[in-house]
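Down below is the structure, laid out as structure tokens.
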Amino acid sequence: MTDNFKNKLINPDWAKHGYIQVYTGNGKGKTTASLGLAMRALGRKWKVLIVMFTKGGDDYGELKSFRNLSPEIKNNLTIIQAGLDRIIYKNNQNEADELEIKKGWELVKNAIINNEYNLIIMDEANIVIDLDIINVDEVVEVLKNKPEEMEVVLTGRNANKKIVEIAHLVSEINPIKHYWDTGVVARKGIEY
């Protein structure tokens, strides 16, 4: 065994290994954390895909910001909105929601299989898995077989146990105090 090989076993090049990250919980900041990670990766010239499940429409501050990035950075970023212009819950989802979300999942799945990006963010994926619009076992299988160097992030409440089990990093964001509890509504520039 060569010294170089022994060193790799003892101290592998973690910088070249991609992990599965999950941001979940009922607190505010899951999407915000993942988008901060996207900006960091873009600053390092990574190719980044963000698929926003359940989020259609154009009134998101992050979309406006991303559109104004320098061409050099913007060329490494793809954003797909895989949802209608509303929030979905178990009692209001319909076929149109499911169709958009499933199209987004097919895009993510192909991007993973074809190794097209360094970082893939599946925003609100935990929600659509929880609503059983995307099959958790299929997601797990795709993630288990992702390219070694690819980083994948899933956000949203109610992360499935199977997703948590295969993830390398899980952060649960829990509310301790929130101004919404006093009647403050979502604010432009802060919540969207």
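The values are calculated or read from the model by the stated rules, or taken from the named source; none is laboratory data. Bear in mind the structure is a predicted one, so any value in this text is a computation, not a measurement. Positions of Cβ are generated from backbone atoms using ideal geometry, with glycine treated the same way; all protein chains shown enter the neighbour counts. Just so you know, the surface numbers come from the protein's heavy atoms only, side chains and all, with ligands and any DNA or RNA stripped out. Shrake-Rupley method; radii C 1.70, N 1.55, O 1.52, S 1.80 Å.
Numbers below:
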{"item": "Residue-level accessible surface for Leu49, protein heavy atoms, 1.4 Å, Å²", "result": "0 Å²"}
{"item": "For the chain: accessible area per residue (Å², 1.4 Å)", "result": "59 Å²"}
{"item": "Length gained when the stretch Asp58-Glu116 is fully extended (0.36 nm per residue, less Cα-Cα span)", "result": "18.3 nm"}
{"item": "Solvent exposure ordering (accessible area, 1.4 Å, most first) of Lys47, Lys103, Lys30", "result": "Lys103, Lys47, Lys30"}
{"item": "Sites Arg67 and Asn26, calculated FRET efficiency, Cβ-Cβ separation with R0 22 Å, nearest 0.05", "result": "0.15"}
{"item": "Size of electric dipole in the range 17-120: Cβ of Lys, Arg +1 and of Asp, Glu -1, about Cα centre, debye, nearest 20", "result": "440 debye"}
{"item": "Accessible surface of the chain [probe 1.4 Å, protein heavy atoms]: carbon and sulfur percent", "result": "51 percent"}
{"item": "Heavy atoms of Met52 accessible to a 1.4 Å probe, total area in Å² rounded to 10", "result": "10 Å²"}
{"item": "Per-residue SASA entry for Glu148, accessible area with 1.4 Å probe, Å² rounded to 10", "result": "120 Å²"}
{"item": "Ranking by accessible area, most exposed first, for Ser70, Ser34 with a 1.4 Å probe", "result": "Ser70, Ser34"}
{"item": "Chain lengthening between Lys90 and Glu149 when straightened (0.36 nm per residue, less Cα-Cα)", "result": "17.7 nm"}
{"item": "Value at 222 nm in deg cm²/dmol, rounded to 500, when DSSP H runs of n ≥ 4 in the chain each add -39,500 (n - 2.57)", "result": "-11000 deg cm²/dmol"}
{"item": "Solvent-accessible ranking of Val48, Val164, largest area first, probe 1.4 Å", "result": "Val164, Val48"}
{"item": "Sites Lys188 and Ala33, calculated FRET efficiency, Cβ-Cβ separation with R0 30 Å, nearest 0.05", "result": "0.95"}
{"item": "Cβ-placed point charges (K, R +1; D, E -1), dipole of the chain about Cα centre in debye, nearest 20", "result": "640 debye"}
